[in-house]
1. Explain nothing, just compute: Karplus ³J(HN,Hα) = 6.51 cos²θ - 1.76 cosθ + 1.60, θ = phi - 60°, for every residue of the stretch 410-417 in order, whole Hz, x for Gly and Pro.
2. What FRET efficiency do you get for Val181 and Ser99 if R0 is 35 Å and r is their Cβ-Cβ distance, rounded to the nearest 0.05?
3. Kindly provide the helix-only [θ] at 222 nm of the chain, computed as the sum of -39,500 (n - 2.57) over DSSP H runs of four or more divided by all residues, to the nearest 500 deg cm²/dmol?
4. For a footprinting-style exposure proxy, rank Asp214, Asp404 by other Cβ within 10 Å, fewest first.
5. What are the ³J(HN,Hα) couplings of the stretch 370-383, residue after residue, when phi is run through the Karplus curve with 6.51, -1.76, 1.60 and θ = phi - 60°? Round to Hz, x for glycine and proline.
6. For Lys49, which aspartates and glutamates qualify as cross-link partners when the Cα separation must be under 14 Å and same-chain residues fewer than eight apart are set aside?
7. Could you work out the relative contact order of the chain, using alpha carbon pairs under 8 angstrom and six or more residues apart, expressed as a whole percent?
8. Place a +1 charge on the Cβ of each Lys and Arg in the stretch 366-423 and a -1 charge on the Cβ of each Asp and Glu, then give the dipole magnitude about the Cα centre in debye, rounded to the nearest 20.
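Please treat every number below as a calculation from the coordinates, not as lab data. The model shown is predicted, which means the values in this text are computed figures rather than measured ones. Cβ sites come from the backbone with ideal geometry, for glycine too, and all protein chains shown count toward neighbours.
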Amino acid sequence: MSTIQPVRGTHDLIGEEQRRYTHVVSTARHIAGLYGFDEWSTPIFEDTKVFSRSLGDTSDVVSKEMYSFSDRDGESLTLRPEGTAAICRALVTNGLTQSLPQKVFYAGPMFRHERPQKGRYRQFHQIGAELMGAAEPLADAEAIALGYQVLTALGVAEHVTLELNTLGDTASRDAWRAALVSYFSGYKDRLSEESRIRLEKNPLRILDSKDAGDRSLVADAPMMEEFLTPEARTFWDDLRRTLDGFGIDYKVNTSIVRGLDYYNHTTFEFVTSKLGSQGTVMAGGRYDGLVQQMGGPEVPSIGWAAGVERLSMLLDASPAAPRSVVIVPVGSPDEKALFQILQGLRRQGVRVEIGYRGSLRKRMERAGKQNASHVIFLGEDELAKGAFRVKAMETGQEEEVSRDRLLSDAKAVFAGVGGSTAQ
Ligand code: ATP
Ligand code: MG
């Protein structure tokens, strides 16, 4: 029978890849805690409306990337393509719109039917942060500072640039949209087919186009800046001043409109040149109307999401694989006595393994292969004597250690023998 292959665009996390993934997520979780964010976990699938209502019909995600299906009850469900809409749904359905602000961190798999390539998968993973219930630019700056500190803690901040833009408030956006429609309408025949459709449905997204012809027209398109209402301009000025106060560098990039419909005021991306065309590692913005679209009150909010795979690829070094102490039985020692030592070490927080079979030589070979920090030789004689030989694999140094010491002070024993740092 032929082997069953993994689904296109999915990948297993094993060994080094899993360690990178865990390092990214646990670092982000820790930093989010420093900013007072609590972790939420929402279901992997939701009512399709959670996403179709919020992300916009013309967004790439809704128009062509969602994994939607009817379940056995005939309900339309969707594997979540992103986290923000689901977190807003959870805010409303858990009755939390009365206890604001809510600061939420999340991590987990997302699903989009895209063309798989380096840094782009059909099941990928995101970490994200949402600050819901704060309309002040300070909230935007805090969310961005949190993202920046995550990147710094991962050691990738030097490879990324923060690009920042404003989409203004509704009035600014309406005026800008009208100006864009009249500008691009004058060049309809030069626009790509996709952008001609965008012109009808969501002209702002033309600015996001990757088509070279579109891009040359975009260069001279009317700028948001000219259409900001006084309130939106104040917000934009305050945000930049606050970021300066936080000591965070940024570059204004007026073409950052983001692919999803729900953003207003702030939009931003942390981008890198180190990942080819998949250069955005973290992206977000303000979404004051989204909670309302989920049937809740107006809850001004700001957040971001980052791709764990892209961050993992940017890490300079892999987190080290953990090393074990390996118990090597000599001859056939009493099993009960052996298991007591095995479990006694584990209870002290030492990572201990025992080979299941094989000669002494085979077991030693295996301990070497699995990169053991130490081995403990354990035979009848040693048990009778109440003392065992502990060998540091790196230096070959050996020491006899009493059973009592091993069962009361194991960490110090392994730190001492061979000066190992592994435990
Ligand atoms: P892109 O322009 O790369 O398609 P996007 O605008 O669709 O990104 P968001 O929805 O803002 O991305 O998601 C936030 C982050 O999640 C991205 O910056 C990226 O790091 C990551 N991401 C998005 N889609 C994928 C994917 N298919 N595979 C891997 N990572 C992804
Ligand atoms: Mg995309």
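1. Result, rounded to whole Hz: 4, 4, 5, 4, 6, 5, x, 6.
2. It comes out at approximately 0.25.
3. Calculated from helices alone, the mean residue ellipticity at 222 nm is -11000 deg cm²/dmol.
4. Asp404, Asp214
5. Whole-Hz 3J(HN,Hα) from phi for the stretch 370-383: 7, 6, 4, 7, 9, 10, 10, 8, 9, x, 4, 4, 4, 4.
6. Asp57, Glu75, Glu82
7. Rounded, it is 16 percent for the chain.
8. My answer is approximately 240 debye.
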